[in-house]
Amino acid sequence: MKDYRMNNIKLGAFVLAGVLVLIIALYMIGSKRNVFGNTIEISAIFYNVNGLMPGNNVRYGGIDIGTVKKVEFQKDNTILVKMVIEKKMIPYIKKNAIASIGTDGLMGNKLVSINSISEPADPIKAGDILMSVRPVESDEMIRTLSQTNDNLFDITTDLKKLTGRLDKNDNLFSLISDTNVTENLRQAVQSIREASDNANAVTQKLNQLLTEVDNGQGVLGRLISDTAAARKVDLLVSNLQIFSDTLNTAVDKINVFANKLNNENGTIHAVLTDTVMKNNLQEVMQQLKVSSYTLEEDLKALQKNFLFRKYFRQKERNEKK
């Protein structure tokens, strides 16, 4: 009888210990998943969660602050991830925080990483939806690395061909080792430097000229800023315009006169082309010339005449005075 009772006591103690262990295990699991703690629920929308599952950790600043509660598809082919986080983290997480999918270690489980930004914002509250960034897919990285590897292979192949051609051709090495080529290059660089210095000097002088013009200094500046000089220039331009108009009028008159000369029915043309008239004019001119010569001889004779000698001497003295 005593053995039976002892066995029952042992069985009861064993069952009680098992129940206690189960309760402790459930509590620990619940604590890890924030089942019994004081938590709030927030969400984030992703385009690809890369294998994220309920129960994975949620981290903020490298610290586990909650777990993933649910992962579900939306109608617009996005994925809504619901998370439960500790309520004590509310003052530290802002509404403009960014959620991303990460990995616990190199090959560990997926997790949600929440990162804050420097811009100020209000703290989160229950039901808020955080912004997210598209995660980097490992397959895409492998494809990119594969393409990069192919490009590097092509580049190294081309370099190998180029070095092979250089080994077979000594012209490039002779060109590099030629001192004359080096000196010519040095002179060319010096010429380019001098041209650059000259261009800078011209630019400085031009800037100085423009500054003087703006300040009304120099001939050009005074001409531009001086209103009196500007009026004189306007008057000069106006006079030039009047002179040009007068010259055009004179040219028109000369053209009219030339047309009259070319007109066979005109008087001037008849005078110029009529030989009789021409001879008569020549005779008249010859007679005028003879008369002028005769008149000059008579005046000389009068100067020698004693009646007029006094008059001409008085006139000569007056002219000398």
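The values are calculated or read from the model by the stated rules, or taken from the named source; none is laboratory data. The structure presented is a predicted model; accordingly, all values stated were derived computationally and were not measured. Virtual Cβ from ideal backbone geometry, glycine too; neighbours counted across all protein chains shown.
Going through the stretch 75-113 one residue at a time, which ones are in contact (Cβ under 8 Å) with a residue 12 or more places away in the chain and of a type in the set (Gly, Ala, Ser)?
Ala97, Ala99, Ser100, Gly102, Ser113
Could you tell me whether the stretch 125-140 includes any residue that is surrounded by 14 or more Cβ atoms within 10 Å (Cβ to Cβ) and among the basic types (Lys, Arg)?
no
Is at least one residue of the stretch 111-119 part of a loop (DSSP other than H, G, I, E, B), in contact with a Lys or Arg (Cβ under 8 Å, 6 or more places away or on another chain), at pLDDT below 90 and not β-branched (Val, Ile, Thr)?
Checked against the condition, which is being part of a loop (DSSP other than H, G, I, E, B), in contact with a Lys or Arg (Cβ under 8 Å, 6 or more places away or on another chain), at pLDDT below 90 and not β-branched (Val, Ile, Thr), the stretch 111-119 yields at least one hit.
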